[in-house]
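These notes are about the structure you will find just below.
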Amino acid sequence: MERFRVEGGHRLAGEVRVHCAKNAVLPILAGAILADDPTTLLDCPDIADVNNMVRILQTLGCKVSAQGAALRVDASSIQSDTMPEGLSKRLRSSVFMMGALLGRLRRAVVPYPGGCEIGQRPIDLHLAGLTALGVDIREEGGLVVCDGARMRGGEVHLDYPSVGATENVMMAAARIPGRTVIYNAAREPEIADLQRFLNACGARIAGAGSATIEIEGVRRMHGATYRPMPDRIEAGTLLAAAAATGGEVELTDAPVEELGAVIAKLREMGCRIETGAGRVTFVAPQRLDSPGQVITLPYPGFPTDMQAQMLALTCCARGTSIITETVFENRFTHVGDLRRMGANIVVKDRTAIVRGVRSLHGARVYARDLRGGAALLIAGLAARGETVVEGAEIVDRGYERLEQMLSGLGAQIRRERQTDE
Ligand code: EPZ
């Protein structure tokens, strides 16, 4: 087990390059098995979730090799349609494999994905979407057994714009006969990135990024070389870290358009932000103003994956902030630890009321989920004294050596192996 040790009060300054997006790379790795020839993904982040997805592909019989930061996936020898139990449980996004396996092999056996720290994470919308394409789905002893022998294109109406369900249906429909239309599709940018990748492999998909996506099934798909889009949540997290310390940073390779809702909130808090092609220039005030209301919503609303980081920022902002989490049912796991650092937060149902205090003080806190862990690091950067964040491996699931990026900007932060103490 590892932890981060942070000494607060150091202003962040400098330039940092944003990695490729975890939430683009994961579905694209699943989609790679739809190609009959090898695909190469450039600049993949070295994070636990990506490494687990690679292991899943290898277990299914794909050859996956790393060439520097590039991943080469050769699915020509894929022979299993049954997902490995242990790895699938560890990685929620293994659920994307359902659509890809059905698209490639017309069959998928996937362990029922467990909930996780932020909520139940059901897959009813995924299963309803696949059923609309003619997939016969049975649940047997914790396994979801999908028989796609009779799959045909069709109309899929999602009750909720689920990112994963949208991506699963896109991948299942890519290589089946007929036309599929997804209504009330999720509009997250990572879905448009998946469309770009699949079309580079010969798929015929249009509309991703809007609420209606059309897929013309094709008989085969070839390989491609593709660089996934930059990570808007990593970029937002870095801006929040700078904002917490009154800092001044420059992001390069940043997904500027896709950061709109986050940039708008940070401007409301008094930050000066200029954007250019792939660049964000950011200057924070000495003390932030409250943004007032923050409500997480499906894209293009304020992203749920930035809620914890934003909540941490409001702890020392001038005024009271009302933060409402509408996407997941249990995504305030970081509040207790922030209170231990001196924050004044009251949570009622899905709303947190945060009354800004002058400063937080260091404490020993625990990362309970990926973005909550990042939020505690951000609080530690601003707090007086030293903060220890236990559970570095939880943060490593979604960030490539976050402590190195932060220390490169002047943070006093280091990673420690947990001794027995
Ligand atoms: C993706 O998860 C992201 N993960 C999440 O990022 C992100 O928070 C989420 O989209 C929303 O933007 C990846 O892309 C790998 P959903 P996903 O299906 O697809 C409910 C991070 O920190 N729902 O849009 O699982 C669900 O319970 C992670 O990087 C159903 O009820 O999200 C949730 O309340 C966390 N039934 C809501 O919809 C279903 O069948 C949104 O879930 C599916 C989802």
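The values are calculated or read from the model by the stated rules, or taken from the named source; none is laboratory data. On a predicted model such as this, the values are computed, not experimentally measured, just so you know. We place every Cβ from the backbone using ideal geometry, glycine too, and count neighbours over all the protein chains shown. Protein only, heavy atoms only, side chains kept; ligands, DNA and RNA dropped before computing areas. Shrake-Rupley method; radii C 1.70, N 1.55, O 1.52, S 1.80 Å.
Data overview
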read-out	value
Out of Gly336, Gly319, Gly356, Gly372, sole residue that is within 14 Å of the ligand (Cβ to nearest atom) and more than 16 Å from Gly9 (Cβ to Cβ)	Gly372
Subset tally (residues that are in a loop (DSSP other than H, G, I, E, B), under 24 Å from Ile233 (Cβ atoms) and not aliphatic (A, V, I, L, M)) for region 398-421	6
Search result, residues across region 361-388 that are more than 25 Å from Gly119 (Cα to Cα) and either buried (at least 24 other Cβ atoms within 10 Å of the Cβ) or not assigned by TED's automatic domain parsing to the domain that holds Leu239 (or both)	Gly380, Leu381, Ala382, Ala383, Thr387
Selected residue (criterion: farthest from the ligand (Cβ to nearest atom)) from residues of region 146-178 that are under 16 Å from Val109 (Cβ atoms) and open to solvent by 10 Å² or more (accessible area, probe 1.4 Å)	Ala149
Residue ID - farthest from Arg138 (Cα to Cα), chosen from residues in region 79-92 that are surrounded by 20 or more Cβ atoms within 10 Å (Cβ to Cβ) and among the aliphatic types (A, V, I, L, M)	Leu91
Residue list for region 303-360, filter: under 23 Å from Ile263 (Cβ atoms), of a type in the set (Gly, Ala, Ser) and open to solvent by 20 Å² or more (accessible area, probe 1.4 Å)	Gly319, Gly356
Strands (runs of 3 or more DSSP E) wholly inside region 1-64 that include at least 1 residues being more than 30 Å from Val249 (Cα to Cα) and open to solvent by less than 10 Å² (accessible area, probe 1.4 Å)	39-41
Residues satisfying the stated conditions in region 179-213, i.e. in contact with a Lys or Arg (Cβ under 7 Å, 6 or more places away or on another chain) and in a strand (DSSP E or B)	Ser210
Subset of region 299-341 (residues that are outside any strand (DSSP E or B), over 24 Å from Arg121 (Cα atoms) and among the β-branched types (Val, Ile, Thr))	Thr314
Count of region 95-130 residues which are closer than 21 Å to Leu370 by Cα and either more than 16 Å from the ligand (Cβ to nearest atom) or in contact (Cβ under 8 Å) with a residue 60 or more places away in the chain (or both)	7
The one condition in (1) in a strand (DSSP E or B); (2) farther than 25 Å from Glu216 by Cβ that Cys146 fails to fulfil	(2)
Residue within region 234-243 that is open to solvent by 30 Å² or more (accessible area, probe 1.4 Å) and touching a residue at least 24 places away in the same chain (Cβ under 8 Å) present	no
